[in-house]
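The values are calculated or read from the model by the stated rules, or taken from the named source; none is laboratory data. From a predicted model like this one, the values you see are computed outputs, not experimental measurements. Neighbour counts run over all protein chains shown; Cβ positions are idealised from the backbone, glycine included. Accessible surface is based on the protein model in full, side chains and every heavy atom, while ligands, DNA and RNA are left aside. Shrake-Rupley method; radii C 1.70, N 1.55, O 1.52, S 1.80 Å.
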Amino acid sequence: MALDYKEIGRRIAQRRRDLKLKQITVSERAGISDKYLSNIERAISIPSTEVVMRLAAALDTTPDTFLVGTAPDPANQEWRVVAQRLRPMTPRQLELTAHFIDWVIREEV
């Protein structure tokens, strides 16, 4: 499955607007520059998995919301707990977390 970075950028921008947040606020929360966020939203820059995870945490959602357009069930708030725990992580911690998630998916535990 090929990723549509234009659609990913549109979803990120839409989520940000839905929350009535400015790019500078989201970029600070995600630890990226506002110019980089603008470039992601316009599909000029391609975000890494780590940046997608950081943006999801900054926008209180999950990465799949941006990657495939699925949103978590509002009745199930477990994803919010995970997003909150991702927010203060360093880039290295987020990278390790992404690898762990990939492992869990592959193992189907």
Using a 1.4 angstrom probe on the protein heavy atoms only, could you order 100, 66 from most to least accessible area? 100, 66
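Compute, for the range 23-96, the length of the dipole vector about the Cα centre, with Cβ point charges of +1 (Lys, Arg) and -1 (Asp, Glu) only. Units Debye, rounded to 20.
Taking the Cα centre of the range 23-96 as origin, the dipole is about 200 debye.
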Over the chain, what percent of the accessible surface lies on carbon and sulfur atoms, probe 1.4 Å? 55 percent
Order the peptides 50-60, 20-30 from the highest to the lowest mean number of other Cβ atoms within 10 Å of their residues. 50-60, 20-30
Mind checking the dipole of the range 1-65: about its Cα centre, +1 per Lys or Arg Cβ, -1 per Asp or Glu Cβ, Debye to the nearest 20? 260 debye
Cβ neighbours within 10 Å, averaged per peptide: list 10-16, 83-89 in order, most packed at the top. 10-16, 83-89
For the chain, what Kirkwood radius comes out of the mean inverse Cα-Cα distance, in Å? 14.1 Å
Pick out, from 32, 56, 3, the residue whose Cα sits farthest towards the positive end of the charge dipole of the chain, with +1 on the Cβ of Lys and Arg and -1 on the Cβ of Asp and Glu. 32
